[in-house]
Amino acid sequence: MELFFLKMGSKKPYFVAVLTQIFLAGMSLLSKAAFASGMNSFVFVFYRQAAGAVFFLPMMMFLKRKEIRPLSLMDFLKIFMISLIGMTIGFNAYGVAVDYTSANLGAAAFNCLPVTTFLFALILRMEKVNMRTVAGMAKSVGILVCIGGVATLAFYKGPYLKPLINHHLFQYHKGQAHQAHASSQKTWIIGCFLLFVSSISWGLWFVLQAHFLKTYPSPLVFISHQTMLSTVQSFVVAIAMERNPSEWKLSWNIRLIAVLYCGILVTVVSNFLQCWVLKEKGPVFQAMTTPLNVIVTIIGSELMLGEGIHLGSLIGAILLVASLYCVLWGKSKELNIVDIESNQPAVLPAEARELSEMRSPPQP
């Protein structure tokens with residue numbers, strides 16, 4: 001598969017990047033549909049991680065068998081903590097948040113990831129900000145605008161903008177409990193807070209992975225270990241939160257579709273596609289396509305779920321997109337300056353370091 005993509009033309013990274021964002025938008029939509037049908041979000045996360053682990057295991061054994069090495073106790077503990085932070089905590093927080101808010105808001109939260117990743121890289125001294133330069137000021141403004149966007153999403157709902165299409169693809173009946181917490185301002189704020197928690201978790205996750213991969217030979221083997229450990233962790237969380245056996249049953253409905261979609265097309269395929277785009281075009285190009293996720297999700301919510309959007313969510317999403325481009329513009333400006341000063345058109349050490357930091361593991 002990798003050789004197939006490497007032989008593609010120069011326009012293929014654009015197609016692959018757009019396709020990846022469509023897959024991630026589908027994750028938000030199908031997750032919301034599964035939760036609206038009554039599926040427990042913690043059980044859902046366990047099943048999707050288990051589905052991903054089932055597909056990762058044979059890939060690891062047949063494709064990277066020579067790169068598998070015995071894990072030391074310290075490496076095992078590091079991978080355990082990294083998977084706990086990024087996958088188990090991040091995915092579960094995201095699942096509850098989408099259940100409490102909307103698919104549109106869940107997609108908008110992805111625009112925080114480059115900003116939170118940069119913030120943690122800054123805290124851990126993997127990035128620097130020079131406030132005396134235009135690029136440094138742009139990065140700082142981007143972080144402030146991101147905080148403003150998160151605050152707008154959480155504390156201002158505004159009028160509800162009804163969907164233009166009344167008939168949608170997934171006809172599901174929302175229970176009274178779901179209707180109650182979906183319309184509650186308190187649960188809306190909780191959901192926004194959990195979206196922020198998931199963004200923080202994933203930002204820290206990316207930085208910690210970049211540090212660990214400096215000494216670990218294979219990203220695929222590393223991600224496979226994370227997925228399998230996260231499956232066990234997610235099972236412990238799910239069994240603690242939901243002990244009703246009937247809630248664990250899967251049948252041929254939207255729940256099974258959502259689990260297979262997120263487990264295969266998101267955890268496995270999307271991760272590979274994103275890594276390929278990062279390798280071909282770099283992290284700035286990949287991050288620039290993130291707002292497509294929001295656009296596709298808004299359109300999909302109209303067609304599939306009949307779900308409108310609040311004005312506050314729309315304004316917050318616009319602020320998050322603006323913050324994303326501020327940080328990316330500042331970073332690209334810095335890379336251009338370094339490129340001119342060093343007179344080296346090839347991949348720079350700083351750019352390679354950023355590529356490692358923003359390497360995308362399995363998405364939510």
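Of note:
- Only residues that are open to solvent by less than 10 Å² (accessible area, probe 1.4 Å) and closer than 19 Å to LEU195 by Cα were counted across region 117-145, and they come to 2.
- Test result for ILE318, of a type in the set (Val, Ile, Thr), farther than 25 Å from GLY263 by Cα and either open to solvent by less than 40 Å² (accessible area, probe 1.4 Å) or at pLDDT 70 or above (or both): yes
- Residues that are closer than 18 Å to LEU319 by Cα, in contact with a Phe, Trp or Tyr (Cβ under 9 Å, 6 or more places away or on another chain) and not hydrophobic (A, V, I, L, M, F, W, C) within region 115-155 comprise THR116, THR117, LYS139, GLY142, listed in sequence order.
- The number of residues in region 246-262 that are in contact (Cβ under 8 Å) with a residue 40 or more places away in the chain, outside any loop (DSSP other than H, G, I, E, B) and not aliphatic (A, V, I, L, M) comes to 5.
- Number of residues in region 204-242 that are open to solvent by 40 Å² or more (accessible area, probe 1.4 Å) and farther than 13 Å from LYS78 by Cβ equals 11.
- Criterion violated by VAL45 - all others in (1) open to solvent by less than 50 Å² (accessible area, probe 1.4 Å); (2) more than 22 Å from MET241 (Cα to Cα); (3) modelled with pLDDT of 80 or more satisfied: (2)
The values are calculated or read from the model by the stated rules, or taken from the named source; none is laboratory data. Predicted, not measured: the structure shown is a model, and the values here were computed from it. Glycine also receives a Cβ, built like all others from the backbone with ideal geometry; neighbour counts cover every protein chain displayed. Heavy atoms of the whole protein, side chains included, go into the accessibility calculation; ligands, DNA and RNA do not. Shrake-Rupley method; radii C 1.70, N 1.55, O 1.52, S 1.80 Å.
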